[in-house]
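Q: Handing you this structure, nothing more for now.
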Amino acid sequence: MGYDDHELSVVITDDPSIMALNQTHRGIAKPTNVLSFPMLEGEFSAITPGLLGDLVISIETAEREAVDAGISLEERMSQLMVHGILHLVGFDHEQGEKEAVQMEQKSLELLRLIETNPDLDAF
């Protein structure tokens, strides 16, 4: 994807912690599965130019979603990581149908590179 010399940080946390972050940064007072904090653009992008940003994943939410979807926790974590990374590099499914389709296609492309389950869908 053109970010060979970049890095990101990943925090695996619980529902109360991700709920606090979700409330602070998005004004939503409930847990979520993954939050992305991009660092490629914006006020602090010059501080560490090789940093894509930070991902925060709730393991508790991921476990529930994996059970509901009938997939392994590892597969759900792959979905969430791919989804979060795509947000870090500028993909945004909330900007319209075209953007959502592009993000889903890229998600599937990346999942096929890292997961052995050919039936695993995008996020």
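Q: Which one of 40, 113, 52 is assigned to a loop (DSSP other than H, G, I, E, B) and either at pLDDT below 95 or surrounded by 19 or more Cβ atoms within 10 Å (Cβ to Cβ) (or both)?
A: 40
Q: Hey, can you tell me all the residues within the stretch 60-100 that are surrounded by fewer than 17 Cβ atoms within 10 Å (Cβ to Cβ) and of a type in the set (A, V, I, L, M, F, W, C)?
A: Hits for the stretch 60-100 are 67, 69, 73, 100.
Q: Restricting to the stretch 34-70, what's the tally of residues that are closer than 10 Å to residue 15 by Cβ and among the polar types (S, T, N, Q)?
A: Adding up the residues that qualify gives 2.
Q: Counting only residues that are surrounded by 11 or more Cβ atoms within 10 Å (Cβ to Cβ), part of a loop (DSSP other than H, G, I, E, B), modelled with pLDDT of 95 or more and not charged (D, E, K, R), how many does the stretch 1-33 have?
A: Going through the stretch 1-33 one residue at a time, the tally reaches 4.
Q: Checking residue 94 against (1) more than 14 Å from the chain's Cα centre (by Cα); (2) modelled with pLDDT under 95, only one condition comes out false. Which one?
A: (1)
Q: Still on this structure, please answer the following. Checking the conditions here, which among 40, 80, 51, 55 is farther than 19 Å from residue 5 by Cα, touching a strand residue (DSSP E or B) at 6+ places or on another chain (Cβ under 9 Å) and in contact (Cβ under 8 Å) with a residue 24 or more places away in the chain?
A: Going through 40, 80, 51, 55 in turn, just one is farther than 19 Å from residue 5 by Cα, touching a strand residue (DSSP E or B) at 6+ places or on another chain (Cβ under 9 Å) and in contact (Cβ under 8 Å) with a residue 24 or more places away in the chain: 80.
Q: Now for a separate question. Looking only at the stretch 70-92, count how many residues are assigned to a helix (DSSP H, G or I) and either aromatic (Phe, Trp, Tyr) or closer than 22 Å to residue 51 by Cα (or both).
A: 12
The values are calculated or read from the model by the stated rules, or taken from the named source; none is laboratory data. This one's a predicted model, so the numbers in the text were calculated from it and none came from an experiment. Cβ atoms come from the backbone with ideal geometry, glycine included; neighbour counts cover every protein chain shown.
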